[in-house]
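Asker: Pasting a structure below so you can have a look.
The values are calculated or read from the model by the stated rules, or taken from the named source; none is laboratory data. These numbers come from a predicted model, not from an experiment. Heads up, the Cβs are rebuilt from the backbone with ideal geometry, glycines too, and the neighbour counts pull from every protein chain shown.
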Amino acid sequence: MSKVDEKIALYTKAANDLKLGLDDAFIAAVTKGLGSSIHNKDAETVSCSDSNELETVKKNFLIKKLGLEDSKKLDDAIKTVCEKMGTSNRNKYRALFYALLAKEFGKESVYA
């Protein structure tokens with residue numbers, strides 16, 4: 001099993017444990033889209049308590065990658081995903097975080 005496949009298996013299990021309702025193939029596509037960042041412990045997760053990181057998620061993922069307009073709706077969606085993944089959950093994997101955001105805005109086709 002490759003390192004990427006190991007990460008996909010880890011994220012799929014985490015999504016199932018958290019009952020996030022994400023498709024395994026979609027998780028795999030988002031994971032592959034993140035490239036080598038999934039192998040960096042710090043970059044692999046999203047810290048919902050770090051406002052700078054959340055701003056980066058908004059600018060680099062929601063606005064640049066998904067092509068969304070900057071609005072309060074983006075901030076609200078990020079907050080919702082933080083809550084959905086669990087405020088006490090220290091392993092908010094970026095692949096799952098991004099998958100939930102893409103699903104929230106109906107942008108799964110970006111990974112098709």
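Asker: Please verify whether the stretch 48-56 includes one or more residues that are surrounded by 15 or more Cβ atoms within 10 Å (Cβ to Cβ), modelled with pLDDT of 95 or more and β-branched (Val, Ile, Thr).
Answerer: No: the stretch 48-56 contains no residue that is surrounded by 15 or more Cβ atoms within 10 Å (Cβ to Cβ), modelled with pLDDT of 95 or more and β-branched (Val, Ile, Thr).
Asker: Within the stretch 54-70, identify whether any single residue is touching a helix residue (DSSP H, G or I) at 6+ places or on another chain (Cβ under 9 Å) and among the small types (Gly, Ala, Ser), and answer yes or no.
Answerer: Yes, the stretch 54-70 contains at least one residue that is touching a helix residue (DSSP H, G or I) at 6+ places or on another chain (Cβ under 9 Å) and among the small types (Gly, Ala, Ser).
Asker: Just checking, does the stretch 44-56 include any residue being of a type in the set (A, V, I, L, M, F, W, C), part of a helix (DSSP H, G or I) and under 13 Å from Arg94 (Cβ atoms)?
Answerer: Looking for residues that are of a type in the set (A, V, I, L, M, F, W, C), part of a helix (DSSP H, G or I) and under 13 Å from Arg94 (Cβ atoms), one finds at least one in the stretch 44-56, hence yes.
Here is a yes/no grid of residues against (1) of a type outside the set (Val, Ile, Thr); (2) touching a residue at least 60 places away in the same chain (Cβ under 8 Å); (3) assigned to a helix (DSSP H, G or I):
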| residue | (1), (2), (3) |
| --- | --- |
| Lys7 | yes, yes, yes |
| Thr12 | no, no, yes |
| Asn16 | yes, no, yes |
| Lys19 | yes, no, no |
| Leu22 | yes, yes, no |
| Ala25 | yes, no, yes |
| Ala28 | yes, no, yes |
| Lys32 | yes, no, yes |
| Ile38 | no, no, yes |
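Asker: Is it fair to say Asp42 is out of contact with any helix residue (DSSP H, G or I) (no Cβ under 6 Å at 6 or more places or on another chain) and at pLDDT below 95?
Answerer: Judged against the criteria, Asp42 is a match.
Asker: I'm checking my understanding of the structure. Among residues of the stretch 76-98 that are out of contact with any helix residue (DSSP H, G or I) (no Cβ under 7 Å at 6 or more places or on another chain), of a type outside the set (S, T, N, Q) and assigned to a loop (DSSP other than H, G, I, E, B), which one is surrounded by the fewest Cβ atoms within 10 Å (Cβ to Cβ)?
Answerer: Arg90
Asker: Continuing with this model, one more query. Looking at the stretch 47-62, I want the residues that are free of Cβ contacts under 8 Å to residues at least 40 places away in the same chain and basic (Lys, Arg) and have a partner that is surrounded by fewer than 19 Cβ atoms within 10 Å (Cβ to Cβ) and part of a loop (DSSP other than H, G, I, E, B) with Cβ atoms under 8 Å, at least 6 apart or on another chain. Which pairs are those?
Answerer: Once the first residue is free of Cβ contacts under 8 Å to residues at least 40 places away in the same chain and basic (Lys, Arg) and sits in the stretch 47-62, its partners that are surrounded by fewer than 19 Cβ atoms within 10 Å (Cβ to Cβ) and part of a loop (DSSP other than H, G, I, E, B) give Lys58/Asp70.
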